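Read through the structure below, which is laid out as structure tokens, and then see the notes.
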Ligand code: UDX
């Protein structure tokens, strides 16, 4: 089989490389000349474990190629995927669909055989129909259903584990407008039948909404445990035990119950907001998700206040050592990372922030002026009044605590990802605070 993938961002590049690993011939298309050139040279523009090898292997096998020429990419394809960005539109919170619609017009101009036009980007309900209408407007010569069909195939992969998520997904969702399109999509995913992946074939609208429902549900789950964590602190309970105690109930499930500084990233903040707007527009407001968005926004400010409180209530003129700034580990992605708001609030309170992140510093430096970036974790802590862990990179889980103690002015650690154990930290002589866990008995502290 043969497909074209428009957009070499996270979703497009990973999906394209993974389809080629399935044995499909994939041409990845992008308008960004520099990006295509780099990809042709084997340079991967994003940080994603395993992606470089996967791309190199499939390029060498002749199954994966990169081009700026959509016409060339669409020669002989069974399907063309739209995997361009759908950022939040300025002003109203809706998803900006201009890249999707632009791609639809270009696809229309290049259609020359029966092709399934698939949206892989997260798009609001109704976008697939709009893509269809655009193509029919550009190419009125096509009889309905004769030469193309639209389909929706939302992608559920997570950054940092994108390849595994694509190759071994919990399910594949396909919204198809005809049996013929459904069949093409099933053939593309045939290797997943071997591992018995459930394939949910449904209508276009249902598939589009399923993606938003999944992401907003997960954002709500995280927000729920974050609020339970706050309550745990008030009543002296341990949020991890609560999470385990509820998560073992199969109806709830154990995943996505880890408390933290609030969700971030390229999907949850954007998708929660977009679904809220769609629901309001449709006269069927999603009040739960409206509240989730509000709580998560405010949470970042509260996290900064926590750090300030742990530093004795005043940070003016003090240096704070920050470990981790990306929205999660194993990525260099800074989009909507809670660290942005937290660090900005610390700076606004007069603190000098010295920070280290294993992959995100180049990107973060553009967003966070005034931060002093260091070469490693220890340099960020040297002479700081306290330290705060904002992202749970593995390398921060095994710090040399004796060394950390000698570097910090006072042994104060605020762990917003709960990667250390309160008892151990008290024994190590730290004034340690984390999320949703009882403070360790004061007598154990040095
Ligand atoms: C998410 C969805 O998981 C994925 O299915 C979708 O395709 C894209 O959006 P991603 O943004 O890569 O993926 O990261 P994810 O691992 O879901 O984490 C999102 C945010 O939630 C991060 O800021 C993370 O720190 C936070 N999170 C996640 C928690 O705070 N607690 C958790 O238990 C899980």
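Nothing in this text is a laboratory measurement; each read-out follows from the coordinates by a stated rule. Just so it is clear, the model here is predicted, and its values are computed rather than measured. Cβ: placed from backbone, ideal geometry, glycine included. Neighbour counts: every protein chain shown.
In percent, rounded to a whole number, the relative contact order of the chain is 11, using alpha-carbon pairs under 8 Å and six or more apart. For residue 89 and residue 187, a Förster radius of 25 Å and the Cβ-Cβ distance give a FRET efficiency of 0.10, rounded to the nearest 0.05.
A straight line joining the Cα centroids of segment 15-51 and segment 95-119 runs 20 Å. Based on DSSP H segments of at least four residues, each scored -39500 (n - 2.57), the chain has a per-residue ellipticity at 222 nm of -13000 deg cm²/dmol.
Between segment 277-321 and segment 167-207, the alpha-carbon centres lie 37 Å apart. Sorting the Cα pairs of segment 51-133 by distance into bins of 5 Å, from 0 upward, gives 3, 13, 21, 19, 17, 13, 9, 4, 1, 0 percent per bin.
The base-10 log of I(q)/I(0) for segment 2-202, evaluated at q = 0.09, 0.16, 0.18 Å⁻¹, reads -0.31, -1.03, -1.33 [Debye formula, identical scatterers on Cα atoms, solvent excluded].
Peptides 161-168, 196-203 ranked from most to least packed give 161-168, 196-203, packing being the mean of other C-beta atoms within 10 angstrom over each peptide's residues. Treating each Cα of segment 215-293 as one equal point scatterer and applying the Debye formula with no solvent, the log10 of I(q)/I(0) at q = 0.20, 0.23, 0.25 Å⁻¹ comes out as -0.88, -1.03, -1.11. Across segment 297-444, the relative contact order, built from alpha-carbon pairs under 8 Å that are at least six residues apart, equals 22 percent. For the pair residue 139 and residue 372, label points projected 7 Å from Cα toward Cβ lie 6.0 nm apart. Site pair residue 46 and residue 109 shows an inter-label distance of 2.7 nm when each label is modelled 7 Å from Cα along Cα→Cβ. Between 0 and 90 degrees, the angle of helix 179-188 with respect to the longest Cα principal axis of the chain falls at about 50 degrees. Across segment 174-247, the convex hull enclosing all Cα atoms gives 103 Å³ per residue.
For segment 297-444, the spherically averaged projection of the C-alpha convex hull amounts to 7.9 nm².
Averaging 1/r over every pair of different alpha carbons in the chain and inverting the result gives a Kirkwood radius of 23.6 Å. Taking 7 Å steps out from each Cα toward its Cβ at residue 171 and residue 309 produces label points 4.0 nm apart.
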